[in-house]
Amino acid sequence: MNRRALFYSFLVISVSVFAYFAFSKVSDTIVTEILINSSKENVYAFLSNLENIPKISLPAKSVFITKDVVDDENVRHVNVIIVENLKFVGNLNLTSYFIFDEENYTIRSYSHILNGFLEITNLWKITNEGNKVKFKEIYQVASPKILISFVKREAKELHQHMVRYSSSLGDEKPQFPGSRSEYTYKLQFLMPDQYEGIPVYRVMTRKGEVLDSADDPNLDKETTQKMYKDMTLLNTMDRILYESQRQGRISFYMTNYGEEGTHIGSAAALDPKDLVFGQYREAGVLMHRGYTLDEFMNQCLGNVDDANKARQMPVHYGSDKLRFVTISSPLATQIPQAAGAAYAFKRAQNNLVVMCYFGEGAASEGDAHSAFNFAATLNCPVIFFCRNNGYAISTPTSDQYRGDGIAARGPGYGIPTLRVDGNDVWAVYNAVREARNLAISQNRPCLIEAMTYRIGHHSTSDDSQAYRSVDEVHFWHSEDHPIQRLRWYMERKNWWNDETEKEWMQSSRKQVLEALSRAEKKKKPSPSQMFTDVYAEVPPHLKKQFEEVKKHIGNYSKEYPLDKFEKF
Amino acid sequence: MNLFESITSALDCALKRDPSACVFGEDVGFGGVFRCTVGLQEKYGADRVFNTPLSEQGIAGFAIGLAVAGATPIAEMQFADYIFPAFDQIVNEAAKFRYRSGNLFDCGKLTIRAPCGAVGHGALYHSQSPEAYFAHTPGLKVVIPRGPFNAKGLLTACINDPNPCIFFEPKILYRSAIEEVPVGDYSLPLSQAEVLVEGSDITLVGWGTQVHVLREVVKLAQEKLKVNCELIDLRTILPWDEETIAKSVAKTGRLLIAHEAPLTGGFGAEIAASIQVSLITRAYY
Ligand SMILES: Cc1ncc(C[n+]2csc(CCOP(=O)(O)OP(=O)(O)O)c2C)c(N)n1
Ligand SMILES: [Mg+2]
């Protein structure tokens, strides 16, 4: 049978299928059956015999295409047809398609997301019972709410559609460079709302219970305690530095409240030598890598030991030793840079990735778009880690984007994508570990969108009560806090209790306060530092300008608080 | 070699010299719209000489990242007129990388090349000379060659320089003149102007294409007006060689600056102002 004839036979079979899906929920998986009325047509025999059909009859690239119809009573019906060629995934108003894997005898289902396809982890096992073919869903379904009923309805329309389509499948395929789809004769816009949102991967419930022990990364007690201590130390440091800004001791601060899980979960999954490009609200990543409280304080105070030589506002940390590129205020600029650095890593074959953090607000910048596109086309092993905390200063996500968040953009760029519960430290850990493997083994970028909530104000210059309710903030603080979730997890294992908590809170608070007072005692760097590091060497014109400044300050020394600075 | 060939030769030498060097930009893979990268992909492979997606801000950001990770990026902006989408990456990122990190990180290995200037049919958007925008940014080096020999030597210097450099290539010169250019590696010093014609009555300063215009002026002035001009090619716009010009003006007592870019706020104004100050304060003599 040639391909075309084979296709037609499938077509004939497919349009006369009469069957339905039935759903029942068994524990956490959905079992789906396709019941086929075998007495009607030989097609049913064919289908019911699926397991016995020689491979050639159901080639690896067979596709089960479903056509969705929502009827007047809001019940969703899906017609399933089988076509030969996987390539047909165009504008047929499809919400899902299924690929048959002949080796494992499984069907994997895909969902339509925007203008790309995104795999949702539905894996179906085909079994045969009597003359019924059973499709058992093995993985947890992405959106259990959808009941799919499988009816003959609209078979005629579908038939017409397929006849048209078949003519294109045979000899006319789009030949446009860069196109990989098929022709359609149906004028149909791809409607974004038609598709389910990308699910949020999690391991733990809000109460810190691990749903499936297979997903528990099972880190040992010591490692887990370190992660917990980092999260809480960060929290304590935030409180103290926030207060110290209120008291006028530092000029500015940004807290990390509520996002501790994204920081520590991701940092723990990285290799310490992976290069990190951050935005500014990722202090926990540095803390996990071993940035000391003194280093944090020195930077925020801008004292003589600040690595940046007091040239940047507080929270613009950086460490070459800890492979954390110094933060820069212009948003999103680090994202294409991370792609470039990853390209260099790939060429150096060092088996490292570049980790790039950014907010959902920064993701609106052109830099973010360029970065995704460059990383995908140039095969860069970079992890794009978006912290979606609901706000960009006062701007809620509803004013920031209209699509399904940042994750939905990934498939459009050809980037493997995952959305994760950012308040679930283990989910973040698993996500980043997996992304890292993928990035290195396949030399390609990954996009992770970590859903979380910015519990604090944007910065010390912001009062978020002007644009969001106290109740909203309270919900996240009390019902879904990453620190609390990890604590519950640890308590279940008897790794932590009220006693240890109390001790740790006291000692960590003391450490922070001591570091702060040490940093406050130090002088500011010499004003001569204003002219160094502009270039590798100070060029003559800057030397001249420096001499002028020096002369000026000499003449007007009373006007300047020179005692607070190191000497010229 | 003509100028575009001397650029290719400089890139060739850089790729040979430094295995971490990469040459990339829009349409660079097949040789570039001005043919400056012809044959390099065949010679060094598609992972070192490659097309990027069409985004100048992406090219600049990507290039900075390569440099931060220790590689040597040589990025091409297809036209200087289209460098502005990359302005933020160049001005806020490349220029300040070293400074803002207290020298923990830098992108000094970065070089950005861009064809600039008028050719006669490029109209509004294929003719600009945007050097003054970048000259206002501490941390950058800005270089413009006048011909093939200088182009190769100065581009090589930019690539080797530990600071981010922007190299503007006057595109009308790509095919206009042929000079003797060594095939091997060499570089010419940055931030050094070159006295091309010595004279006593007036100092003429230009760069890029204007040097050729001024050469004719020197001849005309001598023949028709019996005026004896000194001609200087500035070559590096930032940091520029104030000393050479100040010394010349101290001698001639007069200064004329010619540039292709708009007059208001142009780099000529910076030179005029600085030279007046340095003559008053007798900084250089
Ligand atoms: C290019 C640029 N535009 C504007 C700003 C001012 N700004 C600083 S933070 C911020 C909001 C960023 O929000 P998001 O990316 O979601 O990060 P989050 O603060 O939520 O962590 C804005 C607008 C900036 N720093 N850079
Ligand atoms: Mg945000």
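Restrict the check to segment B:125-135 and report whether at least one residue is within 10 Å of another protein chain (Cβ to nearest Cβ) and of a type outside the set (A, V, I, L, M, F, W, C).
Kept after step one, since they are within 10 Å of another protein chain (Cβ to nearest Cβ), are these residues of segment B:125-135: none.
No, there is no match, as no residue in segment B:125-135 is within 10 Å of another protein chain (Cβ to nearest Cβ) and of a type outside the set (A, V, I, L, M, F, W, C).
With a requirement of 2 or more residues that are over 12 Å from the mean Cα position of the chain (by Cα), within 24 Å of A:Leu542 (Cα to Cα) and not hydroxyl-bearing (Ser, Thr, Tyr), the helices (runs of 4 or more DSSP H) lying completely within segment B:74-173 that satisfy it span B:97-100.
Which of the residues belonging to segment A:400-413 are away from ligand 2 (no atom under 12 Å from the Cβ) and more than 14 Å from chain B (Cβ to nearest Cβ)?
A:Arg402, A:Gly403, A:Asp404, A:Ala407, A:Ala408, A:Arg409, A:Gly410, A:Pro411
Table: residues versus (1) surrounded by fewer than 24 Cβ atoms within 10 Å (Cβ to Cβ); (2) within 16 Å of ligand 1 (Cβ to nearest atom).
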position: A:Asp230; (1), (2): yes, no
position: A:Arg239; (1), (2): yes, no
position: A:Tyr242; (1), (2): yes, yes
position: A:Ala283; (1), (2): no, yes
position: A:Met287; (1), (2): no, no
position: A:Thr292; (1), (2): yes, no
position: A:Gln299; (1), (2): no, no
position: A:Pro314; (1), (2): yes, yes
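Residues in segment B:94-116 that are touching a strand residue (DSSP E or B) at 6+ places or on another chain (Cβ under 7 Å) and under 24 Å from B:Ser129 (Cβ atoms): B:Leu110, B:Thr111, B:Ile112, B:Arg113, B:Ala114, B:Pro115, B:Cys116.
Just the residues that are within 14 Å of chain A (Cβ to nearest Cβ) and surrounded by fewer than 23 Cβ atoms within 10 Å (Cβ to Cβ), please, taken from segment B:140-188. The answer is B:Asn160, B:Asp161, B:Pro162. Residues that are among the acidic types (Asp, Glu) and touching a Phe, Trp or Tyr at 6+ places or on another chain (Cβ under 9 Å) were ranked within segment A:414-459; the one that is nearest to ligand 2 (Cβ to nearest atom) is A:Glu449.
Right, A:Asp367: charged (D, E, K, R), surrounded by fewer than 18 Cβ atoms within 10 Å (Cβ to Cβ) and within 14 Å of ligand 1 (Cβ to nearest atom) or not? For A:Asp367, the condition - charged (D, E, K, R), surrounded by fewer than 18 Cβ atoms within 10 Å (Cβ to Cβ) and within 14 Å of ligand 1 (Cβ to nearest atom) - is not met. Only one entry in A:Leu234, A:Leu219 is modelled with pLDDT of 95 or more, touching a Gly at 6+ places or on another chain (Cβ under 9 Å) and assigned by the TED database to the domain that holds A:Met313, namely A:Leu234.
Being under 17 Å from A:Glu260 (Cβ atoms) and among the aliphatic types (A, V, I, L, M) is the filter; apply it to segment A:429-459 and report the residue that is nearest to the chain's Cα centre (by Cα). Top of the filtered list is A:Ile448. Any residue at all in segment B:65-84 that's among the charged types (D, E, K, R), within 10 Å of chain A (Cβ to nearest Cβ), in contact with a helix residue (DSSP H, G or I) (Cβ under 9 Å, 6 or more places away or on another chain) and surrounded by 23 or more Cβ atoms within 10 Å (Cβ to Cβ)? So far as segment B:65-84 goes, no, none of its residues is among the charged types (D, E, K, R), within 10 Å of chain A (Cβ to nearest Cβ), in contact with a helix residue (DSSP H, G or I) (Cβ under 9 Å, 6 or more places away or on another chain) and surrounded by 23 or more Cβ atoms within 10 Å (Cβ to Cβ).
Pairing each residue of segment B:43-63 that is facing another protein chain (nearest Cβ under 7 Å) and surrounded by 24 or more Cβ atoms within 10 Å (Cβ to Cβ) with any residue that is assigned to a helix (DSSP H, G or I) and of a type in the set (Val, Ile, Thr), provided the two are 6+ apart or on different chains, yields C-beta distances under 8 Å for B:Gly61/A:Ile335.
Rundown of residues vs (1) assigned by TED's automatic domain parsing to the domain that holds B:Ala151; (2) among the hydroxyl-bearing types (Ser, Thr, Tyr); (3) closer than 20 Å to A:Ser370 by Cβ, yes/no style:
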residue	(1), (2), (3)
B:Lys16	yes, no, no
B:Val38	yes, no, no
B:Glu42	yes, no, no
B:Thr52	yes, yes, yes
B:Glu56	yes, no, yes
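Scan segment A:429-436 and give yes if some residue there is touching a Lys or Arg at 6+ places or on another chain (Cβ under 7 Å) and over 21 Å from A:His369 (Cβ atoms), otherwise no. Within segment A:429-436, not a single residue is touching a Lys or Arg at 6+ places or on another chain (Cβ under 7 Å) and over 21 Å from A:His369 (Cβ atoms). The condition of being closer than 27 Å to A:Gly178 by Cβ, assigned by the TED database to the domain that holds A:Val353, modelled with pLDDT of 95 or more and outside any strand (DSSP E or B) holds for A:Ile406. Annotation note: Cβ proximity below 6 Å between a residue of segment A:505-520 that is under 13 Å from A:Thr236 (Cα atoms) and a residue that is in a helix (DSSP H, G or I) and of a type in the set (Asp, Glu) (sequence gap 6+ or interchain) occurs for A:Ala515/A:Asp294.
A quick yes/no check of all residues on (1) under 20 Å from A:Met204 (Cα atoms); (2) in contact with a Phe, Trp or Tyr (Cβ under 9 Å, 6 or more places away or on another chain); (3) within 16 Å of ligand 2 (Cβ to nearest atom); (4) of a type outside the set (Val, Ile, Thr):
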position	(1), (2), (3), (4)
A:Phe252	no, no, no, yes
A:Asn256	no, no, yes, yes
A:Thr262	yes, yes, yes, no
A:Leu270	no, no, no, yes
A:Leu275	no, yes, no, yes
A:Gln279	no, yes, yes, yes
A:His288	no, no, no, yes
A:Tyr291	no, yes, no, yes
A:Asn298	no, no, no, yes
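Where helices (runs of 4 or more DSSP H) fall wholly inside segment A:442-553, the ranges with 2 or more residues that are of a type in the set (Asp, Glu) are A:470-479, A:498-521. Taking every residue in segment B:238-256 that is outside the structural domain of B:Asn163 (by TED's automatic domain parsing) and pairing it with any residue that is among the aromatic types (Phe, Trp, Tyr), at least 6 positions away or on another chain, the pairs with Cβ-Cβ distances below 6 Å are B:Glu243/B:Tyr284; B:Ala246/B:Tyr284; B:Lys247/B:Tyr284; B:Ala250/B:Tyr285. Filtered by the rule that a residue be surrounded by fewer than 18 Cβ atoms within 10 Å (Cβ to Cβ) and farther than 16 Å from B:Asp233 by Cα, segment B:255-280 gives B:Pro262, B:Leu263, B:Thr264, B:Gly265, B:Ala269, B:Ala273, B:Ser274, B:Gln276, B:Val277, B:Leu279, B:Ile280. Looking only at segment A:154-210, residues that are within 30 Å of A:Gly265 (Cα to Cα) and modelled with pLDDT under 80 come to 1 in all.
Tell me, yes or no, whether segment B:212-225 has at least one residue that is aliphatic (A, V, I, L, M) and crowded, with 21+ Cβ neighbours inside 10 Å. Within segment B:212-225, one or more residues are aliphatic (A, V, I, L, M) and crowded, with 21+ Cβ neighbours inside 10 Å.
Screening A:Arg249 on (1) within 26 Å of A:Asn423 (Cα to Cα); (2) charged (D, E, K, R); (3) more than 21 Å from the chain's Cα centre (by Cα); (4) away from chain B (no Cβ under 14 Å) shows it passes everything except condition (1). Exactly one residue out of A:Tyr453, A:Tyr467 is within 16 Å of ligand 1 (Cβ to nearest atom), aromatic (Phe, Trp, Tyr) and surrounded by fewer than 20 Cβ atoms within 10 Å (Cβ to Cβ): that is A:Tyr467.
The values are calculated or read from the model by the stated rules, or taken from the named source; none is laboratory data. Computed from a predicted model, the values in this text were never measured in an experiment. A quick note on method: Cβ atoms are made from the backbone with ideal geometry, for glycine too, and the neighbour counts reach across all protein chains shown.
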